[in-house]
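A short reminder: the numbers here are calculations on the coordinates, not readings from a lab. All values derive from a computational prediction rather than experimental measurement. A quick note on method: Cβ atoms are made from the backbone with ideal geometry, for glycine too, and the neighbour counts reach across all protein chains shown.
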Amino acid sequence: MCRKDRLWGIGRRMNPLKLNPRARRLTCSKTGAEVPAGEAPRPWGLCRCCPGPGSPLMVRYEPDADRWKLDGAGASARGIWKYEPLLPVLEPWPGYAGDVGLTPAVRHRRLGQPLEVELWIKSENGNPSGSFKDRGLAVAIALGRACGAERFCLPTQGNAGVAASLFSARLGLPPCLVYMPQDYAGSAYHRAADFFGAQVEFHGPNIAACGKRMREQFADQLAQGTLTDVSTFFEPGRLEGKKTMGLEIFEQFGAAALPEVIVYPTGGGTGLVGIWKAFEELIALGHLSQEQQLPRMVAVQSERCAPVVRSFHAGHDAVETIDSAGTIADGLDVPGAIMGHQILKVLRDSGGTAVDVTEQAIQDAFARLGRQGVSCGYEGAATLAALEKLRADGAIGAGCRVLLLNTGGYNAALASR
């Protein structure tokens, strides 16, 4: 076995992946119906209790709070798997995701001072493919493989396809099948996915169209389970990986000084739901108090594609799909949300809100962040634009401790669009 094989554990000598025995149950995110993990279809996908295609499933744990320590030994070498007791699959091998997560939360006084807030930014660009997508896909690919998946696929118009390709490569699996909209051929995302060995196909004008095409073309393989769809919320692993942002926020700020507001750029909303799920699990473990004021969650979207914002302010229980007018923030160009019911629930349970911002406001915030030395994409810039709007409206008061989720770093090929 060559040095690379020894490093990544590729090949038949790799230990088989195992499910976390603490992950006892799966629940339907919409109805709450429970399925014992051992009785769930393999690989884990959408529920079977709701009308097709089903609703997202959520993993429920029974961890031993006395044995689980947030600051466990060797955590720095394990990345997000330092949180293994609250992940659905055991670490594939030491270091599989050692470079994923544990991203810093940094206070930015020069940006916060004119807004009269205590401003913090958690930047995800230190992940191996440059964005927070690595958290979710690292867990999704490992979980799917532990459940018998042979190959993975997904539609994407951003970093998710890159991350899925990277972690498929780390497990030595057949090339990830990545569907992108037609005009993404030759894009930075296309080149990055290709670099990690993906099979990239192109179809249609947007992620909805290419996802529909992918599921039609590979319906038999998807039904048989030989091909597994790791689209946003189509399986529970991506949510569990994104949840680690919430666990890190708790560790970085502490129970007594959590952010009062967390501003999150929302496309599919996996991270927003995941951060809140982390807080709920920390309460169950006794690390946070039931009576404690948790952060208010704010969903940010472009005004050209704002289904969550519209549905939230209309008082809906689920997010209604819209026709997107397109946005420079690729990660926000998501016209529907299969987990919209949970996104809206999190916003309301936390006392938060949803806000849309103009394309010009996103570009202005992007330039402002760059001049302050903050590496970001348009999605991260949207959070600053949203904070400025919420301060102007009085929805966020002076002196408030605010955390912006900066989901990825600057990419010249994308910023020139």
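Miscellaneous remarks
- Sites listed here are GluC sites (Glu not before Pro) in segment 297-393 whose DSSP assignment is loop and whose Cβ has at most 14 other Cβ atoms within 10 Å: 320.
- Distant-in-sequence amide contacts of residue 320, defined by a placed amide H-H separation under 5 Å and a gap of 5 or more residues or a different chain, comprise 311.
- For segment 158-163, Karplus couplings with θ = phi - 60° (6.51, -1.76, 1.60), whole Hz, Gly/Pro x: x, 7, 4, x, 5, 5
- Figure legend: label point modelled 7 angstrom from the Cα of residue 113 along Cα→Cβ; residues of segment 368-393 with amide N under 19 Å from it are 368-374, 388.
- Taking amide H as placed 1.01 Å from N in the peptide plane, residue 152 has its amide H under 5 Å from the amide H of 177, 228, each at least 5 places away in sequence or on another chain.
- Summary of packing: across the peptides 343-354, 245-256, the per-residue average of other C-beta atoms within 10 Å ranks them, highest first, as 343-354, 245-256.
- Per-pair calculated FRET efficiency, R0 = 60 Å: residue 371 and residue 31 via Cβ, rounded to 0.05: 0.80
- Gain upon complete extension [residue 321, residue 24; 0.36 nm per residue less C-alpha separation]: 103.6 nm
- Modelled this way, with points 7 Å down the Cα-to-C-beta line, the labels at residue 292 and residue 106 are 2.6 nm from one another.
- The phi-based Karplus calculation (6.51 cos²θ - 1.76 cosθ + 1.60; θ = phi - 60°) puts the 3J(HN,Hα) values of segment 304-309 at 7, 7, 10, x, 5, 4 Hz, whole numbers, x for Gly and Pro.
- Amide H contacts under 5 Å for residue 203, placed H, 5+ residues apart: 180, 182
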